[in-house]
């Protein structure tokens, strides 16, 4: 092979690799979005030939920290405004791309086998409930919402010794499903995933609405495709998929 031909092949290979990379999209999204966004990703890929969406699901605060430390991400979807506000304040979010796309409800659930489930928030402080799963408030939006509800009810101090802190809302769901705790706080959409293993006993009212914002990451490697994904999530197909998974309109 001549040197000139080898050089042409190298250039074409690099161009092809660059094109493939340009169609890759990495979405960092809150753990509670796992099922809904997995479906949305498949739909987006089908409607955008050559595109490939990959997801990084974790607690919203963990995702913000990852992005702040230089981890690649094109889109960030948070389970609350606090985490997104931090991303915006630290200059990680592309200006003008942030918008709320869904809402949810915080609920208290118990294992399906529970014989004496609590009927109100105040009963979590009672003797029949010994262990309560809750996302770590400092890093998990569901934990922040739960702490706010417990403080509003005036029982945070009373239940504090019973709390089992989790890394994200799905871990809390898992603890409850495996009967490792007596009760716990998750979103309504999470509880719906395991109707045979957990049951919702009541809503946990929070002063702060459970809203989900989404935005393009400022350092996205493919800003146009990232903007297209954000638009798709908020569009008719995205809304229908979110609704099918129990999410409510923003």
### Message
Being over 28 Å from residue 29 (Cα atoms) and either in a helix (DSSP H, G or I) or in contact with a helix residue (DSSP H, G or I) (Cβ under 6 Å, 6 or more places away or on another chain) (or both) is the filter here; which residues of the stretch 139-161 pass it?
### Response
152, 153, 155, 156, 157, 158, 159, 160, 161
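Among the listed residues 127, 195, which satisfies the condition of being over 22 Å from residue 36 (Cα atoms) and surrounded by fewer than 20 Cβ atoms within 10 Å (Cβ to Cβ)?
Values: 195 fails: over 22 Å from residue 36 (Cα atoms).
Sole residue among the options that is over 22 Å from residue 36 (Cα atoms) and surrounded by fewer than 20 Cβ atoms within 10 Å (Cβ to Cβ): 127.
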### Task
Kindly indicate whether residue 211 is within 17 Å of the chain's Cα centre (by Cα), surrounded by fewer than 19 Cβ atoms within 10 Å (Cβ to Cβ) and under 24 Å from residue 66 (Cβ atoms).
yes
### Matching residues in the stretch 147-183 - criterion: being touching a residue at least 60 places away in the same chain (Cβ under 8 Å), under 13 Å from residue 32 (Cβ atoms) and buried (at least 24 other Cβ atoms within 10 Å of the Cβ)
168, 169, 173
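Since every read-out is calculated from the coordinates, none of them should be taken as a lab result. As the structure is a prediction and not an experimental result, all values here were calculated from the model. Because the Cβ atoms are built from the backbone with ideal geometry, glycine has one as well, and the counts that use them run over all protein chains shown.
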